[in-house]
Amino acid sequence: MERDVAIIGVGMTPWGRYPDPKQPAAFPDLTMPELAVEALKKAIKDAGISWRQVEAMVSGVYLWVSQQAGIHGTLSGTAIANLMGYTGIPIVSVANACATGQSILREAVLAVASGECDIAVAVAADKSAFGFFRPQSTDGRADIDYMRFVMCGETNPAYWAMECRRRMYEAGTTEEDLALVKVVTSKTAPYNPYARYRRTFTLEEVLKSPMVCDPLRLYEICATSDGAAAVVVAEYEKAKKICKKPVYINAVTVGTPTFGDPTVRLTYLSSNKRSGVPNLSESRNAVRKVYKMAGIGPDKVDVIELPDNSSWHYFAYLDCILNLDPGEPEKMLRKGETDPVSGKIPVCPSAGLGAFGEAVVAQGLAQVCELVWQLRGEAGERQVRKEIKYALAQTYGYAGNNAACILSKGW
Amino acid sequence: MAGEPSAKKEKKRVPLVEGLFTWPSNQPALIASRCKKCGAVAFPKAAYCPNPDCEKDPQNMEVIQLSRRGKLWSWTIQFYSPPPPFKMEPFKPYAIGMVDLPEGVRVLGMLTTTENIKCDMEVELTVGKLYEDGENEYITWMWKPVEK
């Protein structure tokens, strides 16, 4: 990149349901732009700057517009600026499904790296806390997603379950392996004040939880949550002057699929298979690119935040990130090598999407918040034991969207 | 209107979304398009070839019927009813699968059964009911295991 860029401030709201009538003080009735402001003011405070010093903003676009939020869910950037107070800066609103968080981090980084400005912010808020996702139109002629949903009844967990079953068939993943993912990732859940489900799970209770989409059980898939997160980035030399512990951004990118990938992606009805093209190519493309940008390989990664939307994702994303064959991540998990705190490669010290529930467009930034706290040594009981040089986060978005980043200490 | 003869009349079977499979037919087939240059297949029909190296010329795309038999790549059972606009009445858990067809395309679809399903088994295209109203039965395509 033209100029080096570092993270100078992060902030997020607790994940949950806004409003939550049972906890009105912690989870008040906030609109999506209001929720974004809560995260944004924390990130700005963490950076030790004022809103006036922010020179560009990129905002995540809420995807479930027809149910709530209306136009201010789509034109979220200017809706947030309206609440913060207009300062005339460039603002762009971006939708890349679940990969939105790190997609907007990329846009903020590019604004700084290009020299357009010295300080930029990425912010995203989401109010997704309700059941299965569904199509956003009522038009069976123009919307393949609508056709898919009404003709095949394919929910998101149904897609994950089909991938999972094939993995079990080919790589020998067991039901116990799937349950163990929840047991291991939930270890740090009681210690994350931002997580929605702050408790650990036993193997027995996971295996007894109801089957949602065979072979995936209720405790093996993530809920949907409300939440917001924000990340402030600055030109690296300036960042070093502003804060003591700037987190250097070695790489951030977005991945999309390769033609010939056999994966029938959510929202679609078919795929073309071409020999030599792997599945989940959007994810592999993003990861390959961030390694190239950072000039490192998988062996250098010290801590990972990955999208454990389901237990299948946990294994599939370890395949992608560490370049492993299916079956190898299962062995690592069984041996404790991916323990979120004490593992050889700690995975999801935040406790992951399993403990958060996914606040779709904000989730990628929540991962970045966790890695920043881990790198700064501020993660408390969740702090990974090993010394961290490189930290990697990846988010998986449906319909062919993916994003990833690699961070390291900039001090 | 109870007791009218129409209640007893056999209802018309109508695809819930038209144009996705040949109908009416004893041997329904999925309707797709194929690139005359590179052979890439799109289901449902598409105006342009999805191959990044092919010209985006609708003239290159021909409408074809996909093979009615394929191999079940994977499957699941959906135990809870999806929200609207999905509609199945009465709701009962159903299986969904992905099927590899000889044309080099993998296609989604419900299965006719939730019993004795296995990866790589042979399946054949048929149709099945989602729900009905006073006049019509609304159908979709479904994959049926081939009896050995």
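A few remarks follow.
- Scanning segment A:307-317 turns up at least one residue that is assigned by TED's automatic domain parsing to the domain that holds A:LEU392 and in contact with a His (Cβ under 7 Å, 6 or more places away or on another chain).
- Taking segment B:111-143 as the range and being hydroxyl-bearing (Ser, Thr, Tyr) and either within 19 Å of A:SER270 (Cβ to Cβ) or at the interface with chain A (Cβ under 10 Å from one of its Cβ atoms) (or both) as the test, the residues that pass are B:THR114, B:THR126, B:TYR138, B:THR140.
- Scan of segment A:211-269 for residues that are within 14 Å of chain B (Cβ to nearest Cβ) and within 19 Å of the chain's Cα centre (by Cα), ordered by number: A:GLU220, A:ILE221, A:ALA223, A:THR224, A:THR256, A:PRO257, A:ARG265, A:LEU266
- Residues of segment A:67-94 satisfying the condition of being at pLDDT below 95 and hydrophobic (A, V, I, L, M, F, W, C): A:ALA69, A:ILE71, A:LEU75
- Of the criteria (1) open to solvent by 10 Å² or more (accessible area, probe 1.4 Å); (2) in contact with a helix residue (DSSP H, G or I) (Cβ under 9 Å, 6 or more places away or on another chain); (3) farther than 16 Å from A:ALA230 by Cβ, which one A:GLY73 fails: (1)
- B:LYS118 being out of contact with any strand residue (DSSP E or B) (no Cβ under 6 Å at 6 or more places or on another chain) and at pLDDT 95 or above: yes
- Counting only residues that are touching a residue at least 60 places away in the same chain (Cβ under 8 Å) and either open to solvent by 30 Å² or more (accessible area, probe 1.4 Å) or assigned to a helix (DSSP H, G or I) (or both), segment A:191-215 holds 6 of them.
- Filter pass, A:PRO326 being open to solvent by 20 Å² or more (accessible area, probe 1.4 Å) and under 20 Å from A:VAL184 (Cβ atoms): yes
- Filter result for A:ALA171 (open to solvent by 20 Å² or more (accessible area, probe 1.4 Å) and at negative phi): yes
- Checking A:GLU305 against (1) in contact with a strand residue (DSSP E or B) (Cβ under 6 Å, 6 or more places away or on another chain); (2) surrounded by fewer than 21 Cβ atoms within 10 Å (Cβ to Cβ); (3) closer than 23 Å to A:GLN383 by Cα; (4) charged (D, E, K, R), the condition it does not meet: (2)
- Screening segment A:132-168 for residues that are at the interface with another protein chain (Cβ under 7 Å from one of its Cβ atoms) and among the polar types (S, T, N, Q) and picking the one that is least open to solvent (accessible area, probe 1.4 Å) gives A:THR155.
- Residues that are within 12 Å of another protein chain (Cβ to nearest Cβ) and more than 23 Å from A:ASP143 (Cβ to Cβ) do not occur anywhere in segment B:56-69.
- Residue identified as open to solvent by 10 Å² or more (accessible area, probe 1.4 Å) and either under 24 Å from A:MET32 (Cβ atoms) or part of a helix (DSSP H, G or I) (or both) among A:ALA362, A:ALA399: A:ALA399
- When residues in segment B:70-83 are screened for being more than 7 Å from every other protein chain (Cβ to nearest Cβ) and open to solvent by 20 Å² or more (accessible area, probe 1.4 Å), 2 of them pass.
- Top-ranked residue of segment B:96-110 - restricted to ones that are closer than 18 Å to A:TRP160 by Cα and open to solvent by 10 Å² or more (accessible area, probe 1.4 Å), ranked as farthest from the other protein chains (Cβ to nearest Cβ): B:ASP100
- Number of the exception - B:VAL41 against (1) of a type in the set (Val, Ile, Thr); (2) open to solvent by 60 Å² or more (accessible area, probe 1.4 Å); (3) within 12 Å of chain A (Cβ to nearest Cβ): (2)
The values are calculated or read from the model by the stated rules, or taken from the named source; none is laboratory data. The shown structure was predicted, so the numbers you read here are calculated from the model rather than taken from an experiment. Here the Cβ is made from the backbone with ideal geometry for all residues, glycine too, and neighbour counts use every protein chain on show. To get the accessible areas, we keep the full protein, side chains included, count just its heavy atoms, and leave off ligands, DNA and RNA. Shrake-Rupley method; radii C 1.70, N 1.55, O 1.52, S 1.80 Å.
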